[in-house]
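Here's the structure, in structure tokens; my notes come after.
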Amino acid sequence: MHPAFSVIAFTVCSGAGFGLLALVSAGAALGLIPADRLLGFVAMGLGLALACGGLLSSTAHLGRPERAWRAFSQWRSSWLSREGVAAVATILAAVALAAGWVFLGRTDGAFAAAGLATAVLSVATVSTTAMIYASLKPIAAWHSPLTLPAYLLFSVMTGAGLLTALLSVFGLDVRALAAVAAVLALAGWVLKRAVWHRNADHPGVSTLNSATGLKGGMVRSLEWPHTEENYLLKEMGYRVARKHALKLRRIAQALAFALPLVLFALAAVVGGVAGTVAAVVAAVVQLAGMLVERWLFFAEAKHTVTLYYGR
Amino acid sequence: MNAPTPPVPGPHAPHGANSAPTQRPLADNRAPNEGDGVETSPTVSDEVRKTTCYMCACRCGIDVHIKDGVVRYIAGNRDHPVNRGVLCGKGSAGIMQHYSPSRLRKPLLRVGERGKGEFKEIEWEEALTIAADRLRHIRATDPKKLAFFTGRDQSQSLTGWWASQFGTPNFSAHGGFCSVNMAAAGLYTIGGAFWEFGEPDWERARYFLLFGVAEDHDSNPIKIGIGRLKARGAKVVSVNPCRTGYNAVADEWLGIRPGTDGLFVMALIHELLKAGRVDLDYLAKFTNAHVLVIRDPGAADDGLFLRDADGKLLAFDSVEKRAVDALSAEIHPALVGEVTVNGRRCVPVFQLLAERYLDPSYAPDAVAERCGLPADTIRRIAAELAEAAFEQSFELAVPWTDWAGRRHETMRGRPVAMHAMRGISAHSNGFHTCRAIHLLQVLLGTVDVPGGFRFKPPFPKPAPPGPKPAGKDGGKPNTPLAGMPLGFVTGPEDLLLDESGGPVRIDKAYSWEAPIAAHGLMHMVIANAAKGDPYRIDTLFLYMANMAWNSSMNTAGTMDMLTARDADGGYKIPFIIYSDAYASETVAYADLVLPDTTYLERHDCISLLDRPISHADGPGDAIRWPVMEPDRDVRPFQTVLIDLGARVGLPGLVKEDGSPRYRDYADYIVHHERTPGIGPLAGWRGADGTEHGRGAPNPEQLDRYIEHGGFWHHEFAPGERYYKMANRDYLETAVRMGFIPKAEPIVFQLYSEVLQKFRLAARGHGAVQPPDGERARIEAHFDPLPIWYVPFEEAAEGDADYPLHAITQRPMHMYHSWGSQNAWLRQITNQNRLFVHRGTATGLGISDDDWVWIESRHGRVRGQVKLVDGVNPNTVWTWNAIGKRKGAWRLKDGAPEGERGFLLNHAISELTPPDARGRRYSNSDPVTGQAAWFDLKVRLIRCTSGSECAEPQFEKLPCPPNMPAVPETSHFGESFRKEREHEEAGR
Amino acid sequence: MTSLPHATSDVRLGLVIDLDTCVGCQACVTACKEWNTGGHMAPLTDYDPYGAAPDGVWFNRVHSYEHTKADGCGETVHFPRSCLHCETPACVTVCPTGASYKRASDGIVLVDEDKCIGCKLCSWACPYGAREFDTDVGVMKKCTLCVDRIYNENLPEADRVPACVASCPTGARHFGDLGDPASPVSQLIAERGGVDLMPELGYRPTNKYLPPRTRKAAEPAPALTATDGVGGLLGWVDRILSR
Ligand SMILES: Nc1nc2c(c(=O)[nH]1)N[C@H]1C(S)=C(S)[C@@H](COP(=O)(O)OP(=O)(O)OC[C@H]3O[C@@H](n4cnc5c(=O)[nH]c(N)nc54)[C@H](O)[C@@H]3O)O[C@H]1N2
Ligand SMILES: Nc1nc2c(c(=O)[nH]1)N[C@H]1C(S)=C(S)[C@@H](COP(=O)(O)OP(=O)(O)OC[C@H]3O[C@@H](n4cnc5c(=O)[nH]c(N)nc54)[C@H](O)[C@@H]3O)O[C@H]1N2
Ligand code: SF4
Ligand code: SF4
Ligand code: SF4
Ligand code: SF4
Ligand code: SF4
Ligand SMILES: [Mo]
């Protein structure tokens, strides 16, 4: 699949944003995070910015962005539509919490309810995003039982990373949280490797034989219907050289999981300024790593239509 | 004759090729009430105009839907006998051809050096004056200094006649580089030919053998036919080095080695003869199998037919035991047995034939390796042919009367059909190979019988047909030729030779180099003219032939020849006039360009005098008419030619007072008479338009054609449809229609006496003899029975240096060089690959997508490889004419046709390798002069990386002046929608 | 309505494509382009039509393949590919706007261009590559089963079939109601063993492909037996014939 930057940025940012919102809102509602107005402003602001920015960036790849509002209508069947609805609901709930927190310095009562709703809705939103991909049978790498857990885990992982960094910057003791972030990075790493492992074994049930209905033996493409790449090949026929992909996988693992794991662990142990620096660097590096991970998520995914082209 | 056209079926009766129950509209085709706002009944067009397609030479009927003055849609005409409603990939892309940005706009006069493509626009009056002045002078001094050669046109009866009126023998159309081997072999053998002049009996054949065809001129009829064969469960066998297209859907693909079909066919004949599985009855009735041949080695008439004092052919009557008139109906002809008649030792043709092909050198085992086919397969195919012809033979319950007046209650069917084209034709042994195929058909009794190969009127004609080529004297100033420049020789005395025995024509047609060059040698005109061999010309007048690119051999050399100068600085070919409709490669080499219209903007005439739209069940002809008005200052070429003729004062084109006889081509089509009552169109003749075939000109003829869908078609009575060579009713109809001079039976020439006459001349007999140096070549290649020899290039080079055969195939969706300017077609293919057998490539260390040099003895071309399984391992091939010269056809910089597409022609030499005497001939069949495109032998050399573009490359051609900008994006069709939405809103 | 319709009728219109007969001529391809570029989804935009990388929107494309069968025999197969008007097509259910829909009355899968936001998700959801995005207009386009021909009262009745079916020179394309087991197309499918493409994905395509028939490689024909050389043949030929 073509790794369109807007879609990559969207999924990474909104994943992190909703992860952050979920953790911050839940933390605030449960009183685990102080109702400090500046903290509320920064934490909720960052979460909302990432979530909204991601959504906006996703409209950048629409052919007719001015009609984007129509995308809310088909929540009965379409995960993309559900995602839109869930995202807006989440954002509304988050805005309610943020209003109480930032303007009134309150995260209790009705605001706590809004916080809990934000957390639940965030999870729902990330799930809908995941399901957009997980439901696509033509793309075996996505149509996998691991897609949903991966999206959720990566969302909470990046959200937790950001939260650790943020709270640390606000001078709070984040050693426990950093430990959680480190564990999440490790879990993410394990899961990502499991995904790659599974995908290597599940290239998809379809073959050029089943795609053409020609039974048995071997079918090879002789000539394409057109000499140049067309929409299908540009959109769904993206190919990444194996060597290149391996290198990128290493980079993704280092940035998204390994380095954050070490840095968050460090932050969990050392605390103080060093811990803060470690946490901030870890969170930023992790987001960068997730961009690479997401690039590969697209670039390595093979669509059945490429079978027809012998790719 | 009054033959009303058959009633057109009513609008509701399913008709047309695709009218199976699974191809019809829904039984209830009212739009359901879906409520989704889809407009299910938009108006398609304001008007439908029916004319004839010209995206290729197949002549299909089209319905041109016009909306708001723009072509909305082109569909096949269901009533048309050629395509019966279907349309090929090119035909449906006609819109993009009609609106091509490469259309020429105005006459052009060269301003820069020739070949640089620098022109200025001039007015038509100036262009016509320049041309007419030049032509007038040539005609008054030495008319043969005009060489008039036309390519893909369908007006050869006009252009040939024009040349004849002009007085130059130097005329031909494209047949010489195309398929004259097929035409000549057929016409000299059965009085008809493959090409589009005959067709398999698609509805009745049980077994179909297809030799060397990728597409052919009968594009849609063959496709419709193959669809029918497959639907009926007939067996389709393809003989072709490549397994694509028609050959891909064949039940059995025989991946023969190029140039060896003759051997394969002769091995089939060997098997059939050996087993006595030939149709003796048919041979006795319809062929010269029984005619006695003189056996008198050394005599001047050795090998000629035995004739009586009146010149009648003789045969031996096996009952009366004496020589009798071979063509009489009452005889009992002996097909075997040597006899002595009037002191001459003779044998019937059939015995000579049997002796020849029963020879073990024609046994399957002897030819198998060379052909690349297992001997068992050859034996099996022979057995299958016999089984289909004889065991599946049937009687069609249609009474008919033979030429001798004998009534037959049924027509015997032999359901074996064959078709062959350029895979046979484009080899230097193609004439004989094609004759061998006809021999095979005739031996099986399958020519013009139910289930077999069928003639399309005006064929069959006597074999060979008349007339002979005119212009023996080379043309006299201000004098028309005595006849048409192209014709059929019947012996050495008909050749066009000068006093010293050299060629009269610039292309050397009808000389010892190509005696039966019935279509001329278009591929040699530039090379010969540039060399001044046999003489210099003044003006080369080309029409619709891209000779500076895909229709030349040695293309780079040809470009040089077109621009070569003399010591005095003048061009070796002093003046070049060219008519094209588009900015092709050749435009750049003209001094004067006469821009033609597109096919939707002019009158054309698809005439029975030329290449009509006949069907085996009846003759037909058609027109094109201006269904669109040109939006440029262009004129139909035929009208321009008629205008030029009148300006030059050609007798047939001016009235007694010297004024133009015809207003334009339309006027000519209606009023010209070739012989009294016979004109370009056969339909609706006579003052009142009620006569067909023959009749006085009808001033309203074109209106009748337009009313009837642009064509005329006559259906024969059932009793006239088969056995046309000997069917009295048919022969009489053919005479009435002017197809043949006399209602006499047409006798298939298994043994060709015409060829033997040339051989005798080579042996030193007769008044006209070849020069000594040519005797051996003539002797060897003018065998009266089909022979096989190694194609010349291979014979000279052997297999060692150039082990691979390199051939081209026509893509079904491209027409030669025209297709690449078409915005739709070029998306499908804009780069051709070299297809190489997977195993062969492995041996050469070549993998998919590699770039290779394709090297021949003549030159080298670079292209990109695609590996395949379905090809003869000794053969590489590519799609024809996809590679383009940069700048041509208004393609932008970087267009893949110029960057990565390659033209194989650069590697093909126009000359054979030198023989022992150092003599080089044109790279052609020695009998007909047919260009031997497919004799090419090559080797492949893998290129290093960094060579990812085609070679050779040439300087980019500039764009002709004042051409409109080429669009970045095309939204063709948007306007129709806007218009519709507007209409809807208004409602 | 983007959810799959509750069918109001059993009519399931579609195409049947005969791979045994298709010669890969591209006629259906350009006929489709030509009709549709001025039809319901007009235009079918072409990008860089005369330039270095010409590309455009098409609803029907023809591939060619080489099939080496299990027994080692090889065949070249031409393969037209267009929308299969699936029974349970995810291209419809994934659409967030309702622009992509399946008609309840005849099963045709269409895009309502006025609703389409060009998110391309439907093209991701189509395993068959049947949808092509018109970058210029910003909406998704696809085969309409010639909905503006098959019911078109402004066309002569005989022409109310899809453009690709009308044009196909070999007659390899068929059209009809695949929902009616008695319809001629349904019978053709039964007779020829028509198959679904990628049935494993569960889209339940309406269009069917007729696989290449077993080729009549060796026809039952008794081997020829010799009449014993030239003498034998000449003896056999030596008989009384008439002209
Ligand atoms: N390697 C190789 N070379 C071959 C062949 C092969 O098989 N292999 N085949 C050979 C054969 S059989 C043939 S017939 C030739 C064909 O070769 P050409 O006769 O050169 O045919 P085209 O490329 O179709 O070009 C004809 C010219 O006619 C122009 N034209 C098109 N429409 C019109 C019109 O309406 N009016 C006018 N005035 N001009 C028009 C086109 O723009 C083009 O320049 O190629 C030969 N060359
Ligand atoms: N679409 C389209 N149609 C056309 C044309 C076009 O350019 N495009 N051109 C028109 C013209 S001018 C012509 S002359 C006709 C020609 O129509 P075809 O006769 O179909 O000509 P080619 O495409 O040259 O195909 C030659 C075939 O012969 C095979 N072949 C080559 N050598 C041998 C051999 O030695 N033995 C056998 N058995 N096969 C061999 C090749 O593989 C190829 O399949 O097509 C006409 N129709
Ligand atoms: S075969 Fe195609 S291009 Fe040729 S005349 Fe017929 S429809 Fe036109
Ligand atoms: S073929 Fe593709 S576009 Fe057509 S209905 Fe099926 S899934 Fe949808
Ligand atoms: S591209 Fe258009 S039709 Fe396709 S899913 Fe998106 S909105 Fe629906
Ligand atoms: S049914 Fe119509 S839109 Fe669909 S492929 Fe055929 S011609 Fe194209
Ligand atoms: S028109 Fe018919 S034969 Fe030609 S490619 Fe399409 S389906 Fe095949
Ligand atoms: Mo040709």
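Kindly indicate which of B:Ala289, B:Ala315, B:Ala326, B:Ala299 is open to solvent by less than 50 Å² (accessible area, probe 1.4 Å), of a type outside the set (D, E, K, R) and over 16 Å from B:Gln749 (Cα atoms).
Details: B:Ala289 fails: over 16 Å from B:Gln749 (Cα atoms); B:Ala315 fails: over 16 Å from B:Gln749 (Cα atoms); B:Ala326 fails: over 16 Å from B:Gln749 (Cα atoms).
Among B:Ala289, B:Ala315, B:Ala326, B:Ala299, only B:Ala299 is open to solvent by less than 50 Å² (accessible area, probe 1.4 Å), of a type outside the set (D, E, K, R) and over 16 Å from B:Gln749 (Cα atoms).
Which one of B:Pro221, B:Pro200 is open to solvent by 10 Å² or more (accessible area, probe 1.4 Å), under 21 Å from B:Asn240 (Cβ atoms) and touching a strand residue (DSSP E or B) at 6+ places or on another chain (Cβ under 7 Å)?
Values: B:Pro200 fails: open to solvent by 10 Å² or more (accessible area, probe 1.4 Å).
Result: B:Pro221 is the single residue among B:Pro221, B:Pro200 that is open to solvent by 10 Å² or more (accessible area, probe 1.4 Å), under 21 Å from B:Asn240 (Cβ atoms) and touching a strand residue (DSSP E or B) at 6+ places or on another chain (Cβ under 7 Å).
What are the residues in the range A:209-267 that are free of Cβ contacts under 8 Å to residues at least 40 places away in the same chain, surrounded by fewer than 19 Cβ atoms within 10 Å (Cβ to Cβ) and within 14 Å of chain C (Cβ to nearest Cβ), if any?
Selection gives A:Asn209, A:Lys215, A:Gly216, A:Gly217, A:Met218, A:Glu229.
Going through the range B:778-818 one residue at a time, which ones are within 16 Å of ligand 3 (Cβ to nearest atom) and not polar (S, T, N, Q)?
Within the range B:778-818, B:Arg810, B:Pro811, B:Met812, B:His813, B:Met814, B:Tyr815, B:His816, B:Trp818 meet the criteria.
Look through the range A:61-83, keep the residues that are within 13 Å of C:Cys119 (Cβ to Cβ), buried (at least 19 other Cβ atoms within 10 Å of the Cβ) and touching a residue at least 24 places away in the same chain (Cβ under 8 Å), and return whichever of them is farthest from ligand 5 (Cβ to nearest atom).
Among residues in the range A:61-83 that are within 13 Å of C:Cys119 (Cβ to Cβ), buried (at least 19 other Cβ atoms within 10 Å of the Cβ) and touching a residue at least 24 places away in the same chain (Cβ under 8 Å), the one farthest from ligand 5 (Cβ to nearest atom) is A:Glu83.
Suppose the filter is more than 16 Å from ligand 1 (Cβ to nearest atom) and out of contact with any Phe, Trp or Tyr (no Cβ under 9 Å at 6 or more places or on another chain); does B:Arg777 pass it?
no
List the number of the failed condition for B:Arg736; all other conditions in (1) open to solvent by less than 10 Å² (accessible area, probe 1.4 Å); (2) over 24 Å from the mean Cα position of the chain (by Cα); (3) over 30 Å from B:Ile269 (Cβ atoms) hold.
Only one criterion in (1) open to solvent by less than 10 Å² (accessible area, probe 1.4 Å); (2) over 24 Å from the mean Cα position of the chain (by Cα); (3) over 30 Å from B:Ile269 (Cβ atoms) is unmet by B:Arg736, namely (1).
Among the residues of the range B:485-503, which ones are of a type in the set (A, V, I, L, M) and open to solvent by less than 10 Å² (accessible area, probe 1.4 Å)?
Once the filter is applied, which keeps residues that are of a type in the set (A, V, I, L, M) and open to solvent by less than 10 Å² (accessible area, probe 1.4 Å), the range B:485-503 yields B:Val489, B:Leu495, B:Leu496.
Looking at the range B:444-493, which of the residues that are outside any loop (DSSP other than H, G, I, E, B) and farther than 25 Å from B:Arg728 by Cβ is farthest from the chain's Cα centre (by Cα)? So that I can check it myself, show each step before the final result.
The first filter runs over the range B:444-493 and keeps only residues outside any loop (DSSP other than H, G, I, E, B), leaving B:447, B:453-455, B:492-493.
Subset that is farther than 25 Å from B:Arg728 by Cβ: B:492-493.
Working: B:Pro492: 25, B:Glu493: 27 Å.
Restricting to residues being outside any loop (DSSP other than H, G, I, E, B) and farther than 25 Å from B:Arg728 by Cβ, the top hit is B:Glu493.
May I ask you to list the residues in the range C:23-56 that are more than 7 Å from every other protein chain (Cβ to nearest Cβ) and either in contact with a strand residue (DSSP E or B) (Cβ under 6 Å, 6 or more places away or on another chain) or modelled with pLDDT under 95 (or both)? Show your work before the answer.
To start, the set of residues in the range C:23-56 that are more than 7 Å from every other protein chain (Cβ to nearest Cβ) comprises C:28, C:32, C:36, C:39, C:41.
Of everything in the range C:23-56, those that are more than 7 Å from every other protein chain (Cβ to nearest Cβ) and either in contact with a strand residue (DSSP E or B) (Cβ under 6 Å, 6 or more places away or on another chain) or modelled with pLDDT under 95 (or both) turn out to be C:Cys28, C:Cys32, C:Met41.
If B:Ala248 meets every condition in (1) assigned to a helix (DSSP H, G or I); (2) facing chain C (nearest Cβ under 9 Å); (3) closer than 27 Å to B:Ser614 by Cβ apart from one, which number is that one?
The single condition B:Ala248 does not satisfy is (3).
Using the structure shown, decide if C:Ala166 is over 14 Å from C:Thr21 (Cβ atoms), out of contact with any helix residue (DSSP H, G or I) (no Cβ under 8 Å at 6 or more places or on another chain) and either facing chain B (nearest Cβ under 7 Å) or open to solvent by 30 Å² or more (accessible area, probe 1.4 Å) (or both).
Judged against the criteria, C:Ala166 is not a match.
Considering only residues of the range B:334-347 that are within 10 Å of B:Leu306 (Cα to Cα) and touching a residue at least 40 places away in the same chain (Cβ under 8 Å), which is farthest from the other protein chains (Cβ to nearest Cβ)?
Filtering first and then ranking leaves B:Arg344.
Would you point out which residue out of B:Asp566, B:Asp560, B:Asp580 is touching a residue at least 40 places away in the same chain (Cβ under 8 Å) and acidic (Asp, Glu)?
B:Asp580
Of everything in the range B:47-67, what is within 11 Å of chain C (Cβ to nearest Cβ) and not in a strand (DSSP E or B)? Give them in sequence order.
Residues satisfying the conditions are B:Met55, B:Cys58, B:Cys60.
Examine the range B:85-92 for a residue that is part of a helix (DSSP H, G or I) and under 28 Å from B:His615 (Cα atoms), and state whether such a residue exists.
Taking every residue of the range B:85-92 in turn, at least one turns out to be part of a helix (DSSP H, G or I) and under 28 Å from B:His615 (Cα atoms).
Yes or no: the range C:67-82 includes at least one residue that is open to solvent by less than 10 Å² (accessible area, probe 1.4 Å), within 22 Å of C:Leu178 (Cβ to Cβ) and more than 8 Å from chain A (Cβ to nearest Cβ).
Yes, that holds for at least one residue.
Could you check B:Val347 against (1) assigned to a strand (DSSP E or B); (2) open to solvent by 10 Å² or more (accessible area, probe 1.4 Å); (3) under 23 Å from B:Ser361 (Cα atoms) and say which number it fails?
For B:Val347, the exception is condition (2).
Which members of the range C:174-197 meet the condition of being over 17 Å from B:Ala231 (Cα atoms), among the charged types (D, E, K, R) and open to solvent by 40 Å² or more (accessible area, probe 1.4 Å)?
C:Asp180, C:Asp196
Would you confirm whether or not the range B:84-91 contains a residue that is in contact (Cβ under 8 Å) with a residue 60 or more places away in the chain, away from ligand 2 (no atom under 15 Å from the Cβ) and buried (at least 24 other Cβ atoms within 10 Å of the Cβ)?
The answer is yes; a qualifying residue exists.
Just to be sure, is A:Ser58 within 14 Å of another protein chain (Cβ to nearest Cβ) and either charged (D, E, K, R) or open to solvent by less than 30 Å² (accessible area, probe 1.4 Å) (or both)?
The answer is yes for A:Ser58.
Only one of (1) hydrophobic (A, V, I, L, M, F, W, C); (2) open to solvent by less than 20 Å² (accessible area, probe 1.4 Å); (3) more than 32 Å from the chain's Cα centre (by Cα) fails for B:Ala366. Which number is that?
(2)
Scanning for something more than 29 Å from B:His672 (Cα to Cα), touching a helix residue (DSSP H, G or I) at 6+ places or on another chain (Cβ under 7 Å) and near ligand 2 (Cβ under 9 Å from one of its atoms), does the range B:202-210 turn up at least one residue?
Yes, the conditions are met somewhere in the range B:202-210.
Take the residues of the range C:116-131 that are near ligand 4 (Cβ under 10 Å from one of its atoms) and not polar (S, T, N, Q): which is nearest to A:Phe72 (Cα to Cα)?
Out of the qualifying residues, it is C:Cys122.
Please enumerate the residues belonging to the range A:39-54 that are modelled with pLDDT under 95 and open to solvent by 40 Å² or more (accessible area, probe 1.4 Å).
A:Cys52
Out of curiosity, is C:Glu200 modelled with pLDDT of 95 or more, over 25 Å from C:Lys102 (Cβ atoms) and more than 7 Å from chain B (Cβ to nearest Cβ)?
Here the answer is no, as C:Glu200 does not meet what is asked.
Which residues, taken from the range C:111-140, are of a type in the set (D, E, K, R) and more than 9 Å from ligand 5 (Cβ to nearest atom)?
Here is the first cut: in the range C:111-140, the ones of a type in the set (D, E, K, R) are C:112-115, C:120, C:131-132, C:134, C:136.
The answer is C:Asp114, C:Glu132, C:Asp134, C:Asp136.
Can you name the residue in the range A:95-106 that is over 22 Å from A:Cys52 (Cα atoms) and in contact (Cβ under 8 Å) with a residue 60 or more places away in the chain and is also least open to solvent (accessible area, probe 1.4 Å) among such residues?
In the first step, residues of the range A:95-106 are kept if they are over 22 Å from A:Cys52 (Cα atoms); the result is A:104-106.
Retained after the next criterion (residues that are in contact (Cβ under 8 Å) with a residue 60 or more places away in the chain): A:105-106.
Details: A:Gly105: 24, A:Arg106: 107 Å².
Among those that are over 22 Å from A:Cys52 (Cα atoms) and in contact (Cβ under 8 Å) with a residue 60 or more places away in the chain, it is A:Gly105.
The values are calculated or read from the model by the stated rules, or taken from the named source; none is laboratory data. Being a predicted model, the structure only gives us computed values, none of them experimental. Cβ sites come from the backbone with ideal geometry, for glycine too, and all protein chains shown count toward neighbours. What goes into the accessible areas is simple: the full protein's heavy atoms, side chains included, and nothing from ligands, DNA or RNA. Shrake-Rupley method; radii C 1.70, N 1.55, O 1.52, S 1.80 Å.
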